[in-house]
């Protein structure tokens, strides 16, 4: 008995059905790829902001109001403490232990001492002369003990009027700035530069609207305007609009994730 083959109509119907099924699978795969690409880029955009925020939060919370020396929407320059201690005598201070890497990489720019009056303000002494090792007797002779593993240092210029036990800080001068990136051309990066050191990109890329905003006394929200007197600044709000390096499939623009963090300065009084 002869076996009947497929007719031309049946073949055409099969081809059409296969085309419909194939088109559906293709659209599903494309949709999944777009979703995956978008999710990946959104995660990358969030990571850019998170990495920068972690560093800035750790460093800038050590600043106190008189330590701000310049500010703008795209940058802020501060005296950043990296060691704290107490004044003993003869311009000698005893300082608590500091991580060896922090100590080795710090670019000493001067010291600050806090008076013991009701005002209790810090006075900053900018100096190009590194501290030198001091004697423990400068502390023990005035009734102060020394911290095990710490350092006794003689500061220059001489501490003017600080009394025994006055708090001391060693600081470096650091600028954080939003500027054009060298790693990702055409995009904005957050740079960190220690005076006397090399500028480095700490996070990239950002949207060009990323910026600093500023807290003033008695204000519950940050403002865009820089305070006329920097010492009245009580903190900063960092607005970070992190971007993905690549545009998501089907779009021409990178993904953007905005993060905001408020950092109130140490000893700031609202």
Filtered residues of the range 206-231 (kept if touching a helix residue (DSSP H, G or I) at 6+ places or on another chain (Cβ under 7 Å) and either touching a residue at least 24 places away in the same chain (Cβ under 8 Å) or not assigned by TED's automatic domain parsing to the domain that holds residue 257 (or both)): 206, 217, 231
Hey, residue 149 more than 19 Å from residue 195 (Cβ to Cβ), outside any loop (DSSP other than H, G, I, E, B) and in contact (Cβ under 8 Å) with a residue 24 or more places away in the chain or not: no
Residue selected from the range 192-205 under the condition out of contact with any helix residue (DSSP H, G or I) (no Cβ under 9 Å at 6 or more places or on another chain) and within 23 Å of residue 64 (Cβ to Cβ), by the criterion surrounded by the most Cβ atoms within 10 Å (Cβ to Cβ): 193
Flag if residue 189 is over 20 Å from residue 61 (Cα atoms) and exposed (fewer than 15 other Cβ atoms within 10 Å of the Cβ): no
Meets criteria (in the same structural domain as residue 96 (by TED's automatic domain parsing) and surrounded by 15 or more Cβ atoms within 10 Å (Cβ to Cβ)) for residue 167: yes
Failed criterion for residue 125 (all others in (1) surrounded by fewer than 19 Cβ atoms within 10 Å (Cβ to Cβ); (2) at pLDDT 80 or above; (3) part of a helix (DSSP H, G or I) hold): (3)
Among (1) surrounded by fewer than 18 Cβ atoms within 10 Å (Cβ to Cβ); (2) part of a helix (DSSP H, G or I), the one test that residue 138 misses: (1)
Top-ranked residue of the range 227-239 - restricted to ones that are part of a loop (DSSP other than H, G, I, E, B) and within 19 Å of the chain's Cα centre (by Cα), ranked as nearest to residue 69 (Cα to Cα): 233
Residue list for the range 144-185, restricted to those being in contact with a strand residue (DSSP E or B) (Cβ under 8 Å, 6 or more places away or on another chain) and on the phi > 0 side of the Ramachandran plot: 165
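This table checks each residue for (1) assigned by TED's automatic domain parsing to the domain that holds residue 53; (2) within 30 Å of residue 70 (Cβ to Cβ).
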residue	(1), (2)
94	no, no
108	no, yes
113	no, yes
116	no, yes
120	no, yes
125	no, yes
153	no, yes
179	yes, yes
Residues located in the range 49-65, provided they are under 15 Å from residue 174 (Cβ atoms), assigned to a helix (DSSP H, G or I) and at pLDDT 80 or above: 55, 56, 57, 58, 59, 60
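The values are calculated or read from the model by the stated rules, or taken from the named source; none is laboratory data. What you see is a predicted model, and the numbers here were worked out from it, not measured in a lab. For neighbour counting, all protein chains shown are included, and Cβ atoms are generated from backbone atoms with ideal geometry for every residue, glycine included.
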